[in-house]
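Structure, as structure tokens:
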Amino acid sequence: MLYRKLGKTGLKVSVVGLGGIPIQRVNQDEAVEIIKECKNQGINFIDTARGYSVSEEYIGRGLKEVGRDSFYIATKAPSFTCEDMKKSIETSLKKLDVDYIDLYQVHNASKQWQIDSVISEDGALKALIEAKKEGKIRHVGITSHNKDILAQALEYPEFETIQFPFNPIENQGIDVFEEAKEKNIGIIGMKPIAGGVFREAQLSLRYIINSEMITIAIPGMDSVEQVVENAYAGKEMIPLTDEETGLIEKEVKELGEDFCRRCGYCTPCSQGINIPLMMVLENYVKRYNLADWAVDRYGAQENKASDCIECGICETRCPYSIPIINRLKSVRATFE
């Protein structure tokens with residue numbers, strides 16, 4: 001496994017880390033096996049969040065099995081005030097069942113009022129600085145889906161890392177990455193496989209790692225097999241061939257920009273619709289030639305796209321401004 005220094009944190013991290021969102025989809029025993037395999041493959045960085053339901057608890061249990069010192073643990077919370085962030089840090093320490101957290105991040109500060117709150121006199125940054133002095137956390141970071149917000153965060157030296165989407169179809173953050181590198185800020189690439197919809201996962205990871213624009217990519221993984229496959233991309237720098245570059249370009253063209261990254265921020269739906277799953281199943285019909293399987297899976301859902309009442313709440317939550325209501329209408333037309 002290749003390792004890089006995570007900016008001024010000084011942490012030497014594997015170029016492929018474990019993204020903790022999909023851990024929610026497995027049980028505790030499976031989560032432990034995933035974490036064990038990460039250690040076997042040389043992965044030493046795990047990123048999770050307060051908002052990922054049982055992810056912190058599962059990862060905490062896994063750390064008991066494999067040893068706390070085997071991993072750098074990063075978590076985060078969408079807490080923008082000092083008081084809220086203090087509470088989030090204490091909750092994370094309890095859920096992970098650890099004495100300290102290596103990297104605590106402000107989660108998804110993507111609107112102006114959020115970053116304004118974070119850096120205010122009684123903002124989240126104050127709580128993070130205090131927690132660092134107390135030894136509860138070791139380093140401070142921030143994540144966002146808005147590069148302009150991250151550009152503002154870079155003006156504050158207290159932030160040691162940034163986290164932003166990066167994959168062959170999402171390279172809008174390169175200018176911010178360049179500035180971060182100049183300031184020795186660690187760069188964590190989220191959505192390295194475009195939320196799991198990029199078919200050529202290995203090529204996407206190699207594209208990202210070879211670019212050297214980011215320090216570490218954190219694909220979400222919910223099986224031992226995925227850990228082995230994704231870790232392989234971080235074993236050595238293998239240049240992309242012309243044929244492989246062509247495959248990436250083809251997929252980028254097919255995906256376009258209006259696709260679901262399965263981040264889950266749009267949920268919960270007031271009508272119980274699994275919105276990301278609806279879009280994924282439509283992709284299986286239109287892109288993967290798995291119509292029969294997708295139709296059966298769609299039919300088994302208790303709440304379907306046709307149950308949408310167009311309240312629009314999901315669209316206000318989506319960090320990518322996807323027109324979810326129209327997408328669900330498309331899903332309905334595909335399956336019903």
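Considered as a group, the residues in the stretch 149-179 that are among the polar types (S, T, N, Q) and surrounded by 20 or more Cβ atoms within 10 Å (Cβ to Cβ) include one that is farthest from Cys260 (Cα to Cα), and that residue is Thr161.
The numbered conditions (1) surrounded by fewer than 17 Cβ atoms within 10 Å (Cβ to Cβ); (2) closer than 26 Å to Glu244 by Cβ are all true for Phe198 except (1).
In the stretch 221-228, is there at least one residue being more than 25 Å from Tyr265 (Cα to Cα), out of contact with any Asp or Glu (no Cβ under 6 Å at 6 or more places or on another chain) and of a type in the set (Asp, Glu)? Yes, that holds for at least one residue.
Against the definition (out of contact with any His (no Cβ under 7 Å at 6 or more places or on another chain), in contact (Cβ under 8 Å) with a residue 40 or more places away in the chain and over 25 Å from Val32 (Cβ atoms)), how does Ala217 come out, yes or no? No, not satisfied. Would you check if there is a residue in the stretch 257-266 being over 25 Å from Thr143 (Cβ atoms) and among the hydrophobic types (A, V, I, L, M, F, W, C)? No: the stretch 257-266 contains no residue that is over 25 Å from Thr143 (Cβ atoms) and among the hydrophobic types (A, V, I, L, M, F, W, C). Only helices (runs of 4 or more DSSP H) whose full extent lies in the stretch 262-335 are considered here, and the ones with at least 1 residues that are under 17 Å from Val197 (Cα atoms) and touching a helix residue (DSSP H, G or I) at 6+ places or on another chain (Cβ under 9 Å) are 275-286, 291-299, 324-335.
Taken over the stretch 30-47, the criterion of being within 22 Å of Ser88 (Cβ to Cβ) and either among the small types (Gly, Ala, Ser) or in contact with a Phe, Trp or Tyr (Cβ under 9 Å, 6 or more places away or on another chain) (or both) is satisfied by Ala31, Phe45, Ile46.
Residue-level analysis places Glu282 among those that are within 25 Å of Cys314 (Cα to Cα) and among the acidic types (Asp, Glu). Can you work out which of the residues in the stretch 20-45 that are within 15 Å of Thr75 (Cα to Cα) and either over 19 Å from the mean Cα position of the chain (by Cα) or at pLDDT 95 or above (or both) is surrounded by the fewest Cβ atoms within 10 Å (Cβ to Cβ)? In this case the residue turns out to be Asn44. Across the stretch 180-195, the number of residues qualifying as assigned to a loop (DSSP other than H, G, I, E, B), of a type outside the set (D, E, K, R) and surrounded by 16 or more Cβ atoms within 10 Å (Cβ to Cβ) comes to 3. Out of the residues in the stretch 164-195 that are more than 15 Å from the chain's Cα centre (by Cα) and among the polar types (S, T, N, Q), which is nearest to Asn283 (Cα to Cα)? Checking each candidate, the answer is Asn171.
Of the set (1) within 20 Å of Glu170 (Cα to Cα); (2) buried (at least 18 other Cβ atoms within 10 Å of the Cβ), all apply to Lys250 but (2).
If only residues of the stretch 63-88 that are small (Gly, Ala, Ser) and at pLDDT 95 or above are counted, the one that is surrounded by the fewest Cβ atoms within 10 Å (Cβ to Cβ) is Ser70.
Is there a residue being assigned to a loop (DSSP other than H, G, I, E, B), at pLDDT 95 or above and surrounded by fewer than 18 Cβ atoms within 10 Å (Cβ to Cβ) anywhere in the stretch 89-98? Checked against the condition, which is being assigned to a loop (DSSP other than H, G, I, E, B), at pLDDT 95 or above and surrounded by fewer than 18 Cβ atoms within 10 Å (Cβ to Cβ), the stretch 89-98 yields at least one hit.
Can you say whether Ser223 is polar (S, T, N, Q) and within 25 Å of Glu33 (Cα to Cα), as far as the supplied structure shows? Answer is yes for this residue. If you check Phe45, Phe80 for being under 18 Å from Val13 (Cα atoms), touching a residue at least 40 places away in the same chain (Cβ under 8 Å) and either in contact with a Lys or Arg (Cβ under 8 Å, 6 or more places away or on another chain) or not charged (D, E, K, R) (or both), only one passes: Phe45. Could you please find all residues in the stretch 158-179 being part of a strand (DSSP E or B) and within 15 Å of Ser144 (Cβ to Cβ)? Selection gives Thr161, Ile162, Gln163, Phe164, Pro165, Glu170.
Pick from the stretch 114-148 the residues that are modelled with pLDDT under 95 and part of a helix (DSSP H, G or I): which of them is surrounded by the most Cβ atoms within 10 Å (Cβ to Cβ)? My answer is Lys147.
Residue-wise test of (1) in contact with a Leu (Cβ under 8 Å, 6 or more places away or on another chain); (2) within 23 Å of Asn44 (Cα to Cα); (3) of a type in the set (Ser, Thr, Tyr).
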| site | (1), (2), (3) |
| --- | --- |
| Met85 | yes, no, no |
| Leu96 | yes, yes, no |
| Trp113 | no, no, no |
| Val118 | yes, no, no |
| Ala127 | no, no, no |
| Gln152 | no, no, no |
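The values are calculated or read from the model by the stated rules, or taken from the named source; none is laboratory data. On a predicted model such as this, the values are computed, not experimentally measured, just so you know. Every residue, glycine as well, gets a Cβ built from its backbone with ideal geometry; the counts of neighbours run over all protein chains shown.
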